[in-house]
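Colleague: Below is a structure I'd like to ask you about.
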Amino acid sequence: GQNIDQPTEMTATEGAIVQINCTYQTSGFNGLFWYQQHAGEAPTFLSYNVLDGLEEKGRFSSFLSRSKGYSYLLLKELQMKDSASYLCAVRATSGTYKYIFGTGTRLKVLA
Amino acid sequence: DTGVSQDPRHKITKRGQNVTFRCDPISEHNRLYWYRQTLGQGPEFLTYFQNEAQLEKSRLLSDRFSAERPKGSFSTLEIQRTEQGDSAMYLCASSLAPGGNSGNTIYFGEGSWLTVV
C-alpha cells in the first residue's frame, strides 16, 4: 500500500527553527517533494530530494533518508508568512509516475 | 510563461447538474495531472496524461468523472450528475516527463472550487 505520514499541526515562534517530519511507505520511489499551501490557495513547490542527504534553499532545507523512508523540512528564521500547510509528496514508480501526497502539516507561527 | 491556469476558479452548482473544468498547463510541459482536495486533506490523485494519452486513472474516480486532453495541450475534467460529496477544490498540475532531476516537479494551478448544493 501507499502511505505518507506527517504531524497534523505544529506551532512555533517567529524567528525560531521548526522541523516537519515525513515518513513514507510506497511501492517504488523516485523522489520526494515538499510543497507549501496557504489556506484557500494551491500548493507551491518548495524542495525536491531524490538522493540521501540535505538540500538547502535559503531559509528552507529538506533532508532525505531512503533506507528509513524518512524526510524532514527545516524552516529557519520563521516569519509570520510561513504560517501555512506543508505537504510531503512522493513520486512513486510502480509502472507510472504518480505523485502521492500526505495530508499536510498545518504550521502556526506566533509572534 | 504564465504558469498553469484553471477556469472557472469557483463554481456553485445544483446537485444533479454537470460541470466542466478547464486546465491550461505550462506550455512546454507534456504531463498533466488532476487532483482533488478537500478541507484538511492533501491532494488526492485523480488522473494524469502524457501528451494526449490518459496513462492512469484513480480507482476512486467514479464513472461520473471523465477527463480529456484532445490535442495534448489543455485538458477538461467533467463531472456528470454532481453529488454533494463532489464539493472540493479540483487542482490541475503539469510537469515535464521524468528523465532528470527537479525538472519533473509538478506545478499546480490555482484550483477550481466546486460547491454542490
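Colleague: I need a count of the residues in segment B:26-57 that are part of a loop (DSSP other than H, G, I, E, B), closer than 19 Å to residue A:102 by Cα and either open to solvent by 80 Å² or more (accessible area, probe 1.4 Å) or modelled with pLDDT of 90 or more (or both).
Modeller: Within segment B:26-57, residues that are part of a loop (DSSP other than H, G, I, E, B), closer than 19 Å to residue A:102 by Cα and either open to solvent by 80 Å² or more (accessible area, probe 1.4 Å) or modelled with pLDDT of 90 or more (or both) number 5.
Colleague: Let me ask something else. Pick out the one residue from B:114, B:60, B:77 that is within 16 Å of the chain's Cα centre (by Cα), at pLDDT below 90 and more than 10 Å from chain A (Cβ to nearest Cβ).
Modeller: Among B:114, B:60, B:77, only B:60 is within 16 Å of the chain's Cα centre (by Cα), at pLDDT below 90 and more than 10 Å from chain A (Cβ to nearest Cβ).
Colleague: Further question on the same structure: I'd like to verify a number: residues in segment A:1-26 that are under 16 Å from residue A:92 (Cα atoms) and exposed (fewer than 12 other Cβ atoms within 10 Å of the Cβ), how many?
Modeller: Number satisfying all stated conditions: 1.
Colleague: Kindly evaluate residue B:76 against the criterion of being over 22 Å from residue A:35 (Cβ atoms), polar (S, T, N, Q) and either in a strand (DSSP E or B) or open to solvent by less than 40 Å² (accessible area, probe 1.4 Å) (or both).
Modeller: For residue B:76, the condition - over 22 Å from residue A:35 (Cβ atoms), polar (S, T, N, Q) and either in a strand (DSSP E or B) or open to solvent by less than 40 Å² (accessible area, probe 1.4 Å) (or both) - is met.
Colleague: Read through the list (1) buried (at least 18 other Cβ atoms within 10 Å of the Cβ); (2) within 14 Å of another protein chain (Cβ to nearest Cβ), then give the number of the only condition that residue B:19 fails.
Modeller: Residue B:19 satisfies all of (1) buried (at least 18 other Cβ atoms within 10 Å of the Cβ); (2) within 14 Å of another protein chain (Cβ to nearest Cβ) except (2).
Colleague: Of these, A:101, A:45, which one is closer than 30 Å to residue B:5 by Cβ, touching an Asp or Glu at 6+ places or on another chain (Cβ under 9 Å) and open to solvent by 10 Å² or more (accessible area, probe 1.4 Å)?
Modeller: Step by step, each of A:101, A:45 is checked, and only A:101 is closer than 30 Å to residue B:5 by Cβ, touching an Asp or Glu at 6+ places or on another chain (Cβ under 9 Å) and open to solvent by 10 Å² or more (accessible area, probe 1.4 Å).
Colleague: For segment A:48-80, how many residues are open to solvent by less than 70 Å² (accessible area, probe 1.4 Å) and of a type in the set (A, V, I, L, M)?
Modeller: Residues flagged as open to solvent by less than 70 Å² (accessible area, probe 1.4 Å) and of a type in the set (A, V, I, L, M) within segment A:48-80 amount to 6.
Colleague: Sticking with this one: Condition first: of a type in the set (Phe, Trp, Tyr), in contact with an Asp or Glu (Cβ under 9 Å, 6 or more places away or on another chain) and in contact (Cβ under 8 Å) with a residue 24 or more places away in the chain. Now tell me which residues in segment B:43-96 satisfy that.
Modeller: Selection gives B:49, B:74.
The values are calculated or read from the model by the stated rules, or taken from the named source; none is laboratory data. The structure presented is a predicted model; accordingly, all values stated were derived computationally and were not measured. Don't worry about glycine lacking a Cβ; one is built from the backbone with ideal geometry, like all the others, and counts go over all protein chains shown. Accessible surface is based on the protein model in full, side chains and every heavy atom, while ligands, DNA and RNA are left aside. Shrake-Rupley method; radii C 1.70, N 1.55, O 1.52, S 1.80 Å.
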